[in-house]
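Participant: Questions regarding the structure given below will be posed in turn.
Nothing in this text is a laboratory measurement; each read-out follows from the coordinates by a stated rule. Worth saying up front: this structure is predicted, and the values here are computed from it rather than measured. Please note: Cβ atoms are built from the backbone with ideal geometry, for glycine as well, and neighbour counts cover all protein chains shown.
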Amino acid sequence: MPKKYIIRGLCFGYALLVAVGSLIDTKKAPRFDFVFEDKIIHFLAYLMLCVFFFLGLKTFRIRRGVKNAVAITLIFGTVLELLQKVVTDHRTFDLFDLLANGLGVLTAALLIRKNKTILVKKLETFM
């Protein structure tokens, strides 16, 4: 199996994990007891998701990988927030979640741009 399929699988698997985590009832989930716990989780989840989308897009040799990864991640997060409002009765739409998602995506984009040469070289070496 070519290694690019492993990267694509990780990208898809992580996106699925974020989607499921966004739509299930988390009232009984373990909690960390610190301020803005939910927003920090959103920030980190979408930072990682944007990086995974960037790497996944690179395996398809798609140009403008950072811009496309940012756009896909922001759309994905917005759709999930809207689904929380429409599909579930235990989750709610929250603009601050969207803000945390966006800040995570922006941070990922900045980190990717700063380290793009290294990331792409490592990815090409892996594949």
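Participant: What dipole magnitude, in Debye to the nearest 20, does the chain give about its Cα centre under +1 on Lys/Arg Cβ and -1 on Asp/Glu Cβ?
Facilitator: Charge dipole of the chain: 960 debye, to the nearest 20.
Participant: Highest mean first, what order results for 12-20, 68-76 on Cβ atoms within 10 Å?
Facilitator: 68-76, 12-20
Participant: Then there is this: Any chance you could get the radius of gyration and Dmax over the Cα atoms of the range 74-127, in Å?
Facilitator: Values for the range 74-127 (Cα only, Rg and Dmax): 15.9, 46 Å.
Participant: Take the residue pairs 85/116; 4/28; 4/116; 67/114; 58/85; 4/121 and return only those whose Cα atoms are more than 25 Å apart.
Facilitator: As for pairs spanning more than 25 Å Cα to Cα, those are 85/116; 4/28; 58/85.
Participant: What FRET efficiency, computed as 1/(1 + (r/R0)^6) with R0 = 30 Å and r the Cβ-Cβ distance, is obtained for residue 90 and residue 125, rounded to the nearest 0.05?
Facilitator: Taking R0 as 30 Å, the efficiency between residue 90 and residue 125 is 0.10.
Participant: By how many nm would the segment from residue 6 to residue 62 grow when fully extended, if each residue of separation counts as 0.36 nm and the alpha-carbon distance is taken off?
Facilitator: 18.4 nm
Participant: Let me ask something additional. Given [x] 1.01; [y] 1.08; [z] 0.95, which label gives Rg/Rh (Cα atoms, Kirkwood Rh) as computed from the coordinates?
Facilitator: Recomputing Rg/Rh (Cα atoms, Kirkwood Rh) here picks out [x].
Participant: Calculate, for residue 115 and residue 16, the FRET efficiency according to 1/(1 + (r/R0)^6) with r their C-beta to C-beta distance and R0 25 Å; round to the nearest 0.05.
Facilitator: The value I calculate is 0.45.
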